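Remarks on the structure that follows.
The values are calculated or read from the model by the stated rules, or taken from the named source; none is laboratory data. Keep in mind the model is a prediction, meaning the values are calculated, not measured. Please note: Cβ atoms are built from the backbone with ideal geometry, for glycine as well, and neighbour counts cover all protein chains shown.
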Amino acid sequence: MRGYSRQQPELDALRGETMSAQDDHCEKPDSVVQYLDPRAQSRRDFLQHTGTAVVASAALGSVSMQASQAAPLEVAASALTRLNLTVNGRAQQLLVDPRWTLVEVLRDQLDLTGTKIGCNRSECGACTVLMNGKPVYACSQLAVWADGMEVQTVEGLAQNGRLSPLQQAFVDNNGPQCGFCTSGQLMSATALLRNNPSPDAAQVRMALVGNLCRCSNYMAIVEAVVATGANA
Amino acid sequence: MSEAFEPVTPLQTIGHATARVDAIERVNGSAKYSRDIKLPGMLYARVLRSPHPHARILSIDASAASALPGVRAVITHENAQIVWGSGSISGGRQYSDPSKDATLHRRYIFNNPARHVGDSIAAVAAVDRHTAEHALSLIKVAYEQLPFVLEPEAALADAAPKVWPEGNVCPDFRNNLEPMVSNAGDIDAGFAAADEVFEGRYDTAFIHNAQMEPRCALAHWEGDKLTLYTPSQGISNCRHDTARDLGLEDHQVRIVCNYMGGGFGNKNQNQDTDLIAATLSKRANAPVMLEMSRREDWLGVHGRWPTVQYYKIGVKQDGTLTAMQMRAYSGMGPYRKNSGGLSGMEAYACEHRARTIFPVYTNRTTSGNFRGPSEPHGFFGIESMMDDVAFRIGMDPVQFTLKNMLRPTDAQPFTNYSLEDCILRGTELFDWSTRRQAIPGSDPGAIKRGAGFAFMMFRAGVGSSSAIVRVDSKGHYTLFVGVTDIGPGAKTTMGMIAAEALGVPLAQVDVVAGDTDRCPYSVGESGSRTTIMTGYAVVEAAKDLKQQIAAQGMPTGNAVLIASATPQPTTDGKSRQCFGAHFVEVEVDTQLGTTRISKYVAVHESGRIINPQTTRDQIRGAIIQGIGQALYEDLHYDPASGQPLTPGYYRARHLTHADIPPIEVDFIEVDDGYGPFGAKTAGEAGIIMAPAAVANAIFNATGKRMTSLPITRNKILEAHA
């Protein structure tokens with residue numbers, strides 16, 4: 001009944017241990033709390049202890065673990081790493097801090113703010129983008145992992161100023177209420193429609209199950225995606 | 001039954017399903033939400049929060065944080081003592097300046113002692129968010145941990161730890177630590193007249209508003225003028241609150257919010273983030289963007305107050321109510337941000353009634369308004385209780401309701417009354433008599449099917465708001481309204497009302513909203529008031545403009561004609577309500593404990609519907625939120641440590657696409673002659689009945705009365721153990 005969340009305990013475990021604690025600013029009171037709430041580990045802790053070192057050495061080779069641990073926060077220019085990726089069809093060469101997530105780079109470096117940060121820990125799907133055609137949570141991808149990849153965001157859906165049929169269906173069917181989850185819903189649905197041009201409602205619901213909508217406009221969103229397929 | 005109103009048919013613009021005026025911006029990524037705005041030289045800010053449920057700060061050393069390269073400002077309770085007036089209000093009167101001024105238990109932007117896990121301790125502004133995060137970890141705080149209390153009833157025990165020195169009953173607006181009492185008639189006489197008396201206890205959980213957009217604030221000073229780009233569902237109130245808290249005049253503060261990622265009641269005032277960002281920006285002499293994480297938003301903003309409700313009901317053998325008594329406790333967290341009230345009893349006609357509600361301090365996170373602030377949990381309690389009473393005296397709950405629900409009287413007329421119409425229409429659309437089990441729990445087998453029902457009325461009163469409308473020599477109209485579109489479609493609704501009132505197509509009307517420097521006062525997107533109140537001001541401004549055009553002709557050249565209106569409408573002493581009835585069919589797996597909703601019919605009378613598309617989706621979305629409240633959502637605390645265990649979507653178990661049942665929405669449309677073209681409340685109405693209707697359906701299916709929200713698998717399994 002609970003779909004996605006209930007059916008993927010392994011993903012649950014992964015979230016709890018690694019991805020989930022970003023931006024957790026509550027001070028850690030004691031180890032009991034850490035036990036009670038795996039999210040009490042911060043992104044900084046996680047990346048400092050594992051991610052940064054691993055990723056930095058993978059990307060640059062020459063950066064020592066000692067250096068990244070000793071001064072992990074004041075990132076010297078030399079600690080920036082080169083990132084090549086294609087975003088919405090345009091090749092981009094960027095220097096990025098290894099700690100930056102893909103959604104940070106999209107929003108802060110490329111000013112593609114259509115991709116939203118709802119939870120920053122793989123819960124809500126507001127940050128969904130397509131990486132080599134597959135929907136991913138951009139909050140839980142380090143930007144360097146996207147090296148060499150093609151990324152598509154909501155800004156890349158319209159062609160020559162014309163909305164995609166899916167976007168138009170969202171306009172016609174009141175797909176957005178507050179609109180904050182909309183770009184994520186659109187990206188997951190775009191991926192679905194590429195694989196299944198005329199999905200039924202049940203298929204749409206399963207494909208979009210990782211995209212929460214607190215306005216709970218789920219019915220209108222599904223109606224919009226189904227209408228897109230029916231009109232294709 | 002109904003009074004003779006003309007049948008409502010679509011007008012020129014109103015009544016037609018209409019795409020939002022900003023729909024394209026919402027689907028192509030160009031809509032700028034507060035966190036999407038960047039200013040040159042902007043700093044990023046983070047807040048340090050208490051790890052303890054109750055702790056005195058003995059010392060705080062921010063020297064290492066201040067010394068970190070890239071850090072521009074660090075503030076704590078020692079160097080930034082700013083009262084957050086709307087964060088704690090005696091009496092919970094959110095729009096009352098005198099109450100905020102007189103508040104006994106003041107809340108500051110940083111509090112010592114810290115009174116819940118997540119209470120704000122300090123904040124940092126730095127060149128980027130990672131540096132700001134690191135600086136937080138360098139702030140050394142020495143805490144003395146204090147005893148804490150989590151449950152409202154336990155908090156009233158003599159030996160309970162005191163959240164505030166005076167005690168744990170939240171003060172009323174006179175600063176007396178008294179409960180909210182509302183009595184009528186003679187309760188003892190009512191019970192004496194009863195053939196039978198029934199009692200029940202119901203409790204409901206804390207539900208976070210959980211809007212998709214985490215709260216943030218971008219503050220920017222130009223001289224002594226502050227601009228805040230901040231998610232706000234009430235820019236005028238946010239401006240006034242911020243100015244008051246910072247010692248400024250209203251005109252020195254500008255609130256901008258063009259798009260907002262949902263609110264559901266948690267931001268019609270200013271938030272502490274607004275004050276913290278403004279203070280950091282002043283100290284650092286640069287724009288400051290303060291961002292909250294999802295966990296911070298969960299613990300640092302607010303959600304629906306958890307409650308415990310005791311009812312005692314006297315009834316005649318024929319089902320006539322003789323007495324209604326309620327005693328309830330609302331857990332407000334350590335600050336009284338809003339009332340803590342519980343509604344529902346007033347929907348019944350009963351001469352003898354007594355109601356006492358204790359708003360109680362605890363060391364949980366703060367409670368406050370959430371879509372129908374006092375309603376869904378109150379209606380869950382009273383309508384579960386009444387469903388139980390009906391069952392015990394052998395009546396169909398629909399018949400029991402028709403016998404006892406509040407109806408217009410000579411003493412209290414209504415502008416119109418269609419509750420009975422809603423209920424009867426619902427019974428037909430749902431096929432109530434067939435789907436309901438005559439004997440609850442009689443469905444054979446492990447998976448039991450049954451049907452439940454709930455009804456409501458909810459205020460749709462008129463009130464004052466403002467609008468300005470302008471026309472240029474090209475015949476183009478611009479409407480200025482201080483609304484923000486937090487999701488329901490206020491900009492579009494205002495545009496449609498203006499187009500109708502002006503007699504022009506919607507495409508000829510631009511809507512300027514979401515900016516206090518450009519727009520007049522508006523009531524804010526709370527209490528389902530925008531359509532009724534600001535919409536009515538739009539109608540009046542449009543009338544004025546049409547009169548000017550008739551008198552002077554259209555403007556020429558660079559001239560414009562402008563009309564403004566701040567009407568003070570009344571309902572001539574009549575009660576104005578919207579009405580609704582919900583019918584739910586569930587399938588309860590008594591071995592797995594799961595509840596599946598197999599049919600849901602919602603009938604609403606919300607006056608004339610301005611935009612059928614967005615209104616339908618308001619109701620559907622509200623119902624889904626209400627189902628979440630009924631079956632899943634909760635913020636658990638560890639009783640030993642006082643730590644919140646489930647802050648976040650995944651752990652609070654919010655509904656996903658996979659959980660959505662089929663929902664049929666039907667409107668009975670009436671134009672009662674009040675409000676803009678007869679429009680009434682809609683946005684909050686949909687959530688009010690869902691928890692009660694689902695719970696009553698579970699009773700009808702299983703024969704087990706579920707008295708505690710959320711009705712989780714565990715609770716159903718325990719009931720069947």
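Selection of first residues in segment B:48-75 that are over 30 Å from residue B:164 (Cβ atoms) and free of Cβ contacts under 8 Å to residues at least 24 places away in the same chain and of second residues that are surrounded by fewer than 20 Cβ atoms within 10 Å (Cβ to Cβ) and among the basic types (Lys, Arg), restricted to Cβ pairs under 9 Å at least 6 apart or on distinct chains, gives the following pairs, ordered by first then second residue: B:63/B:140.
Of the residues that make up segment A:158-176, is at least one part of a loop (DSSP other than H, G, I, E, B) and more than 10 Å from chain B (Cβ to nearest Cβ)? The answer is yes, given that some residue of segment A:158-176 is part of a loop (DSSP other than H, G, I, E, B) and more than 10 Å from chain B (Cβ to nearest Cβ).
Of the residues making up segment B:495-511, those that are out of contact with any Ser or Thr (no Cβ under 6 Å at 6 or more places or on another chain) and not in a helix (DSSP H, G or I) number 5. The residues on offer are A:83, A:106, and the sole one that is buried (at least 23 other Cβ atoms within 10 Å of the Cβ) and touching an Asp or Glu at 6+ places or on another chain (Cβ under 8 Å) is A:83.
Count of segment A:195-221 residues, restricted to those that are of a type in the set (A, V, I, L, M), within 7 Å of chain B (Cβ to nearest Cβ) and in a helix (DSSP H, G or I), is 3. Here residue B:120 fulfils each of the conditions (1) in contact with a helix residue (DSSP H, G or I) (Cβ under 9 Å, 6 or more places away or on another chain); (2) surrounded by fewer than 23 Cβ atoms within 10 Å (Cβ to Cβ); (3) closer than 18 Å to residue B:62 by Cα apart from (2). The residue list B:504, B:511 contains one member that is closer than 15 Å to residue B:477 by Cα, touching a residue at least 12 places away in the same chain (Cβ under 8 Å) and touching a Lys or Arg at 6+ places or on another chain (Cβ under 8 Å), which is B:511.
Within segment B:129-153, the residues that satisfy the criterion of being part of a helix (DSSP H, G or I) and crowded, with 17+ Cβ neighbours inside 10 Å are B:129, B:130, B:131, B:132, B:133, B:134, B:135, B:136, B:137, B:138, B:152.
Return the residues of segment A:176-208 that are over 20 Å from the mean Cα position of the chain (by Cα) and surrounded by 21 or more Cβ atoms within 10 Å (Cβ to Cβ); say none if nothing qualifies. Those that are over 20 Å from the mean Cα position of the chain (by Cα) and surrounded by 21 or more Cβ atoms within 10 Å (Cβ to Cβ): A:177, A:199. Inside segment B:52-69, can you point out the residues that are buried (at least 23 other Cβ atoms within 10 Å of the Cβ) and within 11 Å of chain A (Cβ to nearest Cβ)? Correct list: B:52, B:53, B:55.
Picking from residues in segment B:167-211 that are touching a helix residue (DSSP H, G or I) at 6+ places or on another chain (Cβ under 7 Å) and within 14 Å of chain A (Cβ to nearest Cβ), the one that is farthest from residue B:359 (Cα to Cα) is B:210. Residues of segment B:320-338 include none that is over 27 Å from residue B:623 (Cβ atoms) and within 14 Å of another protein chain (Cβ to nearest Cβ).
Of the residues making up segment A:222-232, those that are more than 8 Å from every other protein chain (Cβ to nearest Cβ) and part of a helix (DSSP H, G or I) are A:223, A:224, A:225, A:226, A:227, A:228, A:229, A:230, A:231.
Filtering segment B:659-685 to residues that are within 14 Å of chain A (Cβ to nearest Cβ) and not in a loop (DSSP other than H, G, I, E, B) leaves B:659, B:664, B:665. Taken as a whole, segment B:686-693 holds at least one residue that is assigned to a loop (DSSP other than H, G, I, E, B), farther than 29 Å from residue A:207 by Cα and either at pLDDT 95 or above or within 11 Å of another protein chain (Cβ to nearest Cβ) (or both). The condition (being buried (at least 20 other Cβ atoms within 10 Å of the Cβ), more than 30 Å from residue B:716 (Cβ to Cβ) and more than 29 Å from the chain's Cα centre (by Cα)) is satisfied by just one residue among B:537, B:542, B:563, B:550: B:542. Give segment B:212-254 a look and list any residue that's within 14 Å of chain A (Cβ to nearest Cβ) and either touching a residue at least 60 places away in the same chain (Cβ under 8 Å) or out of contact with any Lys or Arg (no Cβ under 9 Å at 6 or more places or on another chain) (or both), or say none. Listed by number, the residues that qualify are B:213, B:214, B:215, B:216, B:218, B:229, B:231, B:232, B:233.
For segment B:650-658, the count of residues that are of a type in the set (Phe, Trp, Tyr) and touching a residue at least 40 places away in the same chain (Cβ under 8 Å) is zero.
Answer yes if at least one residue in segment B:386-402 is in a strand (DSSP E or B) and on the phi < 0 side of the Ramachandran plot, and no otherwise. No, there is no match, as no residue in segment B:386-402 is in a strand (DSSP E or B) and on the phi < 0 side of the Ramachandran plot.
With respect to residue B:149, determine if the residue is aliphatic (A, V, I, L, M), touching a helix residue (DSSP H, G or I) at 6+ places or on another chain (Cβ under 6 Å), under 16 Å from residue B:358 (Cα atoms) and modelled with pLDDT of 95 or more. Taking the combined requirement at face value, the residue satisfies it. Candidates are the residues of segment B:18-39 that are touching a Pro at 6+ places or on another chain (Cβ under 6 Å) and more than 8 Å from chain A (Cβ to nearest Cβ); the one that is nearest to residue A:176 (Cα to Cα) is B:34. Restricting segment B:638-658 to residues that are modelled with pLDDT of 95 or more and either in a helix (DSSP H, G or I) or at positive phi (or both) leaves a set whose member that is farthest from the other protein chains (Cβ to nearest Cβ) is B:642. Summed over segment B:256-272, residues that are at the interface with chain A (Cβ under 7 Å from one of its Cβ atoms) and over 12 Å from the mean Cα position of the chain (by Cα) total 3.
No other residue among B:149, B:117 is at the interface with chain A (Cβ under 8 Å from one of its Cβ atoms) and touching a Pro at 6+ places or on another chain (Cβ under 7 Å) apart from B:117. Among the residues making up segment B:308-352, those that are surrounded by fewer than 20 Cβ atoms within 10 Å (Cβ to Cβ), assigned to a strand (DSSP E or B) and either touching a residue at least 60 places away in the same chain (Cβ under 8 Å) or touching a helix residue (DSSP H, G or I) at 6+ places or on another chain (Cβ under 8 Å) (or both) are B:310, B:312, B:348.
Which residues, counting only those in segment B:467-494, are assigned to a loop (DSSP other than H, G, I, E, B) and of a type in the set (Val, Ile, Thr)? Result: B:481, B:483, B:484, B:486.
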